[in-house]
Amino acid sequence: MPALADRGPARTGARWTDLRSRVVSAVVLAPAVAACLWQGGPYWGTLVAIGAVGLALEWVVLCGVSAAAWPGFGVLAAVLAAPVLAGQGRPDLGVSALMIGAGLVLSPRRWRLAAGVLYAGLGVLALVWLRADPVAGRANLVFLVAVIWASDIGAYLAGRLIGGPKLAPAVSPGKTWSGATGGLGAAMAAGCAAAALMAPGHPVRAALLAVLLAAASQAGDLLESAIKRGFGVKDSGQLIPGHGGLLDRLDGFLLAAPVAAGLALLIGRGTALWH
């Protein structure tokens, strides 16, 4: 998810060269994601399972192996099993599947494959488990998605319009402090709005939670940038115009969703995260 302004404010025209493709992709994809999220159940589970397959395939390709044979197939099977099991009310078995899958594909030369099982698998498992809460699942996931999308958009706009000092030049030279700050501000506003609409109460907690999840999302963005740098690629894939691959699009969710799931586990099922 290229959220924190992928390029600095060089030439004015160059700042916005990918804007059209981003808008078109968002217009096409966002309604489908929102509809599946709202309906939950098999709709959301199927969408996340498809995403899990895509994430696993991208990771296997980055590692230079085939998903049609071992150990690439093991990565695909484990990452897919995690959200399926979580959707059936057994997130514990989903975590076990990830641990077993990572252990089976692990070797001195294939440690990245094992890391990818946990990196992608925990995120998709958390997305299904959060939505599966029959009381607060919809509200919590709407909040999470609103915060991450707002952080992405706010960071993109602020980074392109303001520019300034780089956030982490050694990892991702284009990301700026202004983009990070703009993303956090947009996430706070979106989080408060989502909380007020879905389950009113405790606006200060909603704002603080939004900042926490947005920070996790931005950390996920930086982590994925470091991963791509390690693999020597610019994008994880070319599936989504303007966004690269699924790993590029979902990097914030892969870190923020487990954080949200951990908070939900601490406060108990059936409760909005900001209550």
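Laboratory data are not the source of any read-out in this text; all were calculated from the coordinates shown. Quick caveat, the model's predicted, so the values are computed rather than measured. Here Cβ is always computed from backbone atoms with ideal geometry, including for glycine, and neighbour counts include all displayed protein chains.
Computed from the C-alpha gyration tensor, the three semi-axes of the ellipsoid equivalent to the chain are 27, 25, 15 Å, from longest to shortest. Sparse packing (at most 12 other Cβ atoms within 10 Å of the Cβ) combined with a DSSP loop state is found for the following trypsin sites (Lys or Arg not before Pro) in region 33-120: Arg109.
In terms of other Cβ atoms within 10 Å, Lys166, Lys175, Lys228, Lys234 run from fewest to most in the order Lys234, Lys166, Lys228, Lys175.
Summing charges over all other residues whose Cβ lies under 12 Å from the Cβ of Pro169, with Lys and Arg as +1 and Asp and Glu as -1, gives +3.
Panel order for Met188, Met99, Met198, by other beta carbons found within 10 Å of each beta carbon, from fewest to most: Met99, Met198, Met188. For the chain, a simple Cβ point-charge model (Lys and Arg +1, Asp and Glu -1, everything else neutral) yields a dipole of about 420 debye relative to the Cα centre.
Put simply, the amide H of Ser172, placed in the peptide plane, has no neighbours under 5 Å, leaving out anything fewer than 5 places away on its chain. Over all other residues within a Cβ to Cβ distance under 12 Å of Phe143, the charged ones net out to +3, with Lys and Arg as +1 and Asp and Glu as -1.
Using helices alone, I'd like the mean residue ellipticity at 222 nm for the chain: each DSSP H run of four-plus residues gives -39500 (n - 2.57), total over residue count, nearest 500.
Values: 10 runs with 198 residues, N = 275.
So the helix-based figure for the chain works out to -24500 deg cm²/dmol.
When the alpha carbon gyration tensor of region 98-146 is reduced to an equivalent ellipsoid, its three semi-axes come out at 31, 10, 4 angstrom, largest first.
Taking only the alpha-carbon positions of region 67-133 and ignoring solvent, what does the Debye formula give for the base-10 log of I(q)/I(0) at q = 0.12, 0.28 Å⁻¹? Per q value, in the given order, log10 I(q)/I(0) is -0.27, -1.10. In region 169-275, the C-alpha radius of gyration followed by the widest Cα-Cα span (Dmax) gives 15.6, 46 angstrom. Here the residues Leu122, Leu184, ranked from fewest to most Cβ neighbours within 10 Å of their Cβ, fall in the order Leu122, Leu184.
Its residue count N sets the reference 2.2 N^0.38 Å, and the alpha-carbon radius of gyration of region 75-192 equals 1.34 times that reference.
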